[in-house]
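Q: Have a look at the structure that comes next, please.
The values are calculated or read from the model by the stated rules, or taken from the named source; none is laboratory data. Predicted model, so just to flag it, every value in this text is computed and none were measured. So basically every Cβ, Gly included, is an ideal-geometry build from the backbone, and we count neighbours across all protein chains shown. These area figures cover heavy atoms from the full protein model, side chains too; ligands, DNA and RNA do not enter into them. Shrake-Rupley method; radii C 1.70, N 1.55, O 1.52, S 1.80 Å.
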Amino acid sequence: MWNRREMMAATGAAASLMGGAASAQPTSAPAAVESVLVDLSADTGPLRHIWSECVGSDRAAFTLRQDWRHDAARAHKELGVKRVRFHGIFGDDDIGVAPKRSFGPGPDFNFQNVDAVYDGLMDIGLRPYVELSFMPGRLASGDQDFGTYHANITPPKSLAEWQGLIDQFARHLIDRYGAAEVRQWYFEVWNEPDLASFWTGTQAEYFELYKVTATTLKAVDPALKVGGPSTSRVQWIPQFLSYCADNGLPVDFVSTHVYAGDDQKKLFGQKNKYSQNDVVPEAMKMARAQLAASPFKNAELFLGEWSSDSPAMIAHIIEGCLPYCDGMSYWQVSKFEEFVIPTYVLKEGDNGWGLMSPGNIARPSFNTFKLLNRLGGRRVQAQGPVLATRLASGASAIMLWNLAEVRQPAGIPGASSDRKVVGASKRFQVTLKGARPGQRVRISYVDQERASPYPAWRAMGSPLYPSRDQLSALRAAAELPPPVRARLGRERDLTIDLPPEGVALIELA
């Protein structure tokens, strides 16, 4: 398989709910049994929904599409997503911020399409996480480009010209949206400058770009949030922080990107040091330690890109990142055309990253985040693969998962026709200390069979080009089914069977 970083530089099983007044028996009980203990009365502190702070997307012009806006609106409404991060707000081909030719008198820079992009987000209820990229051709020092949209990846030929763009851009945003609003946005300098496919300059040239950008933004409004280095695989963070400290530069947040399939030798100095399930949390633990050792220890830490197509792995990664991250941005909200235009709506094997498939079809990943959004704002004590919470209403919501080894792509997402899952169905004996006998319970499930379009798609004969009627049927099949409802018995416990990589949300009224 192509390696993405190099190129750019299970099964289903029956489930049961037993205990209380209702049960749904599987045809055969899972061999493995695991005990989970939740103490609903033991508050352990606030739970910030860091996973819904942001979601990634392809590029700025994508946000102008009707199908993208449909997917993004669902992510905001149903998943609680607050912001969207995407490439290319300064793109030549489709945004045209710095046209080489002018058709009449006008300003140095053209923000008409910028307004269309950001107005569209605001209309949905989303805020931008502003990635300041890429280089307008008129300002560029070369013509090297990236991706299907030919993003110029060279440094500016003049830092003064780049400074002028940033100054006018920031002032325009404040004039249009107001300082109080824009101060809630994040301004990130570039994307993955450690990779030759995104930045042809040196590390020193990137640091100079950051210096000019950060000082210019703060000169416009000292309360604007600026950060970087937005690198892949937790690269450059100590050097970046040292440079900023030595030059008296502001750093409101530190951002980096990690994928489970990333080269662990590059990440940790040792090949296959961790299970893929633990790569992202361990990398963010390392980044947090680097930040804590710097003069910027109070800066936010943002995981600007990460992904997984496995429901249990998503829950496990989020739970592992809670001690370290102030925000996470899952890549990506809708379909993906950064390298090539996908030739499929759904396919066997690796379907690539994202919450939605083409045709506005929800994936199991979307429905996993939908369940996560039902968690409360206070965490309670729990033992096992579980994230247990209490809501302001006094109700409880508990995410439970059966973690499996699900190989994530190290190459181009969607390039593989194989999806390898190592794991087994498991029975969880869940004890709910502090619950009441007779208390109402709802259980919702997500795996590759439930809250998933794949069984219906296979039943259709796995069409490459689903008809309009088939797309409607797939959209319906991909939605969360109604929860299983029951009441707790005298023992106040539950028995829940999950297939490998499955998740369940237990809600107690």
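Q: Which one of S242, T215, V484 has its Cα pushed farthest toward the positive end of the charge dipole of the chain, where Lys and Arg give +1 and Asp and Glu give -1 at the Cβ?
A: Working it through, the farthest residue towards the positive pole turns out to be V484.
Q: Give the calculated FRET efficiency between Q429 and E479 to the nearest 0.05, with a Förster radius of 25 Å applied to their Cβ-Cβ distance.
A: The calculated FRET efficiency here is 0.25.
Q: With the dipole of region 112-162 worked out from charges on the C-beta (+1 for Lys and Arg, -1 for Asp and Glu) around the Cα centre, which of M135, T154, M122 lies farthest toward the positive end?
A: Checking the options against the dipole of region 112-162, the answer is T154.
Q: Same structure again: Which FRET efficiency value, to the nearest 0.05, is calculated for D143 and R490 with the Förster distance at 56 angstrom and r the Cβ-Cβ distance?
A: The pair D143/R490 has a calculated efficiency of 0.15.
Q: As a quick test, which of the pairs K285/K335; K285/K370; K225/K335; K82/K225 have an alpha carbon distance above 18 angstrom in this structure?
A: K285/K335; K285/K370; K225/K335
Q: If the only charges are +1 at each Lys and Arg Cβ and -1 at each Asp and Glu Cβ, what is the size of the charge dipole of region 204-289 around the Cα centre, to the nearest 20 debye?
A: Roughly 260 debye, rounded to the nearest 20.
Q: Right, next: Give me the 1.4 Å probe accessible area per residue for region 164-203, excluding ligands and nucleic acids, in Å².
A: Result: 33 Å² per residue.
Q: Quantify, in whole percent, the carbon and sulfur part of the accessible surface of the chain (1.4 Å probe; protein heavy atoms only).
A: In the chain, the share of accessible area belonging to carbon and sulfur is 49 percent.
Q: Could you give the distance between the Cα centres of region 104-145 and region 151-221, to the whole Å?
A: 11
Q: Relative to the Cα centre, what is the charge dipole magnitude of region 310-360, using +1 at the beta carbon of each Lys and Arg, -1 at the beta carbon of each Asp and Glu, and rounding to the nearest 20 debye?
A: So the magnitude is around 120 debye.
Q: Gap in Å between the Cα centre of region 58-92 and the Cα centre of region 442-459?
A: Distance between centres, Cα-based: 25 Å.
Q: In Å², what does the accessible area per residue of region 319-465 work out to with a 1.4 Å probe?
A: Solvent-accessible surface per residue comes out at 36 Å².
Q: Net charge within 14 Å of R288 by Cβ-Cβ distance, Lys/Arg positive one each and Asp/Glu negative one each, not counting R288 itself?
A: -1
Q: Roughly how many debye, to the nearest 20, is the charge dipole of the chain about its Cα centre, given +1 on each Lys and Arg Cβ, -1 on each Asp and Glu Cβ, and no other charges?
A: It comes to approximately 1620 debye.
Q: In terms of modelled amide H atoms, which long-range or inter-chain residues lie less than 5 Å from the amide H of G327?
A: L301, L303
Q: While we're on this one: In nanometres, what is the gap between the two model label sites at A395 and A293, each 7 Å from Cα along Cα-to-Cβ?
A: It works out to 4.6 nm between the two label points.
Q: On to the next question. Report the gain in length on full extension from R48 to E161: 0.36 nm times residue separation, minus Cα-Cα distance, nm rounded to one decimal.
A: Separation in residues times 0.36 nm, less the Cα-Cα distance, equals 36.7 nm.
Q: Starting from 0.36 nm per residue, how many nanometres of slack lie between H172 and K266 once their C-alpha separation is accounted for?
A: Additional length available on full extension: 29.8 nm.
Q: Find out how many positive minus negative residues lie around E507, taking Lys and Arg as positive, Asp and Glu as negative, among other residues whose Cβ is under 11 Å from that of E507.
A: Residues close to E507 contribute a combined charge of +4.
Q: Also: Using the charge dipole of the chain (Lys, Arg: +1 at Cβ; Asp, Glu: -1 at Cβ; taken about the Cα centre), state which of I89, M356, S444 has its Cα farthest towards the positive end.
A: Result: S444.
Q: Students often get this wrong, so try it: which of (i) 67, 51, 43; (ii) 75, 52, 45; (iii) 69, 47, 42 is Cα extents along the principal axes in Å as calculated from the structure shown?
A: (ii)
Q: Given the peptides 378-385, 279-286, arrange them by the average over their residues of other C-beta atoms within 10 Å, most packed first.
A: Final packing ranking: 279-286, 378-385.
Q: Extending each Cα 7 Å along its Cβ direction at D469 and E34, get the distance between those two points in nm, one decimal.
A: 4.4
Q: If you don't mind, there's one more thing I want to ask. Under a point spin-label approximation (7 Å from Cα along Cα-to-Cβ), what is the V422-S41 distance to one decimal in nm?
A: According to this spin-label approximation, the distance is 4.3 nm.
Q: Related question: Among residues other than P385 whose Cβ falls under 11 Å from its Cβ, what is the net charge (Lys/Arg +1, Asp/Glu -1)?
A: The answer is -1.
Q: Suppose a student asked you for the relative contact order of region 71-161, using Cα pairs under 8 Å spaced at least 6 residues apart; what percent would you report?
A: 31
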